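Asker: This is the structure I want to talk about, given as structure tokens.
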Amino acid sequence: MKRSLTVLAIAAFVLTGMATVASAEKPQTTCPVTGKAVDKASSPHVDWQGQRIYFCCDGCPGKFKADPESFFAKAAADGVVFENVQTTCPVSGEKLEEMGKPTHVDYKGRRVMFCCGSCEKAFNKDPEKYLAKLPGEQAAK
């Protein structure tokens, strides 16, 4: 009986922790530049390294493009996950979901999708190489 209660307590603790981790992730609801609300149906947006970033007005995309890393870092710190616009794996070039459910890595404020775990491992060895293959605009070299 005591062992069953211990196992039950551990299971409850693990499930509670998993729920906390899952709830820490949130979709973008505000402009990364001003903090004002965005409407995904009508707000201006930029596709940047596989992420669709929405803005409150037409003046904000330029500010984002001037220093995207700072905005991605803040989003990551706040648990915000931008909408992903990838259709293919940046490592293999395969269509996502062609090999089953895609995997992903959250890297410096970007959610990067992969066709399989092997590609995820390759990305982790040289992220910058594969970020450059994501759809949308890229940082100036």
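The values are calculated or read from the model by the stated rules, or taken from the named source; none is laboratory data. Here the structure is a predicted model, which is why all the values come from computation and not from measurement. Here Cβ is always computed from backbone atoms with ideal geometry, including for glycine, and neighbour counts include all displayed protein chains.
Asker: How many residues does the stretch 100-121 hold that are farther than 19 Å from GLU83 by Cβ and either free of Cβ contacts under 8 Å to residues at least 12 places away in the same chain or surrounded by fewer than 17 Cβ atoms within 10 Å (Cβ to Cβ) (or both)?
Answerer: Restricting attention to the stretch 100-121, the residues satisfying the condition of being farther than 19 Å from GLU83 by Cβ are 100, 115-121.
Filter once more, so that each one left must be either free of Cβ contacts under 8 Å to residues at least 12 places away in the same chain or surrounded by fewer than 17 Cβ atoms within 10 Å (Cβ to Cβ) (or both): 100, 117-118, 121.
Qualifying residue count for the region: 4.
Asker: Please work out if ASP78 is under 20 Å from GLN28 (Cβ atoms), surrounded by fewer than 16 Cβ atoms within 10 Å (Cβ to Cβ) and in contact with a strand residue (DSSP E or B) (Cβ under 9 Å, 6 or more places away or on another chain). First the steps, then the outcome.
Answerer: On the way: under 20 Å from GLN28 (Cβ atoms): yes; surrounded by fewer than 16 Cβ atoms within 10 Å (Cβ to Cβ): yes; in contact with a strand residue (DSSP E or B) (Cβ under 9 Å, 6 or more places away or on another chain): yes.
Judged against the criteria, ASP78 is a match.
Asker: With PRO32, PRO27, PRO90, PRO61 as the choices, which residue is over 20 Å from ASN124 (Cα atoms), in contact (Cβ under 8 Å) with a residue 24 or more places away in the chain, buried (at least 18 other Cβ atoms within 10 Å of the Cβ) and not hydrophobic (A, V, I, L, M, F, W, C)?
Answerer: Testing whether each residue is over 20 Å from ASN124 (Cα atoms), in contact (Cβ under 8 Å) with a residue 24 or more places away in the chain, buried (at least 18 other Cβ atoms within 10 Å of the Cβ) and not hydrophobic (A, V, I, L, M, F, W, C) leaves just PRO32.
Asker: For the stretch 74-83, does any single residue satisfy the condition of being in contact (Cβ under 8 Å) with a residue 40 or more places away in the chain and within 13 Å of LEU134 (Cα to Cα)?
Answerer: Taking every residue of the stretch 74-83 in turn, none turns out to be in contact (Cβ under 8 Å) with a residue 40 or more places away in the chain and within 13 Å of LEU134 (Cα to Cα).
Asker: Identify all residues within the stretch 96-115 that are within 12 Å of PRO127 (Cα to Cα) and either outside any strand (DSSP E or B) or more than 8 Å from the chain's Cα centre (by Cα) (or both); write none if there are none.
Answerer: LYS108
Asker: For VAL21, indicate whether it is at pLDDT below 95 and under 30 Å from LYS125 (Cβ atoms).
Answerer: When the stated conditions are applied, VAL21 passes them.
Asker: May I ask you to list the residues in the stretch 27-58 that are among the hydroxyl-bearing types (Ser, Thr, Tyr) and touching a Pro at 6+ places or on another chain (Cβ under 9 Å)?
Answerer: TYR54
Asker: Right, next: Among the residues of the stretch 44-58 satisfying the criterion of being surrounded by fewer than 18 Cβ atoms within 10 Å (Cβ to Cβ) and farther than 18 Å from GLY109 by Cα, which is nearest to the chain's Cα centre (by Cα)?
Answerer: The residue in question is PRO44.
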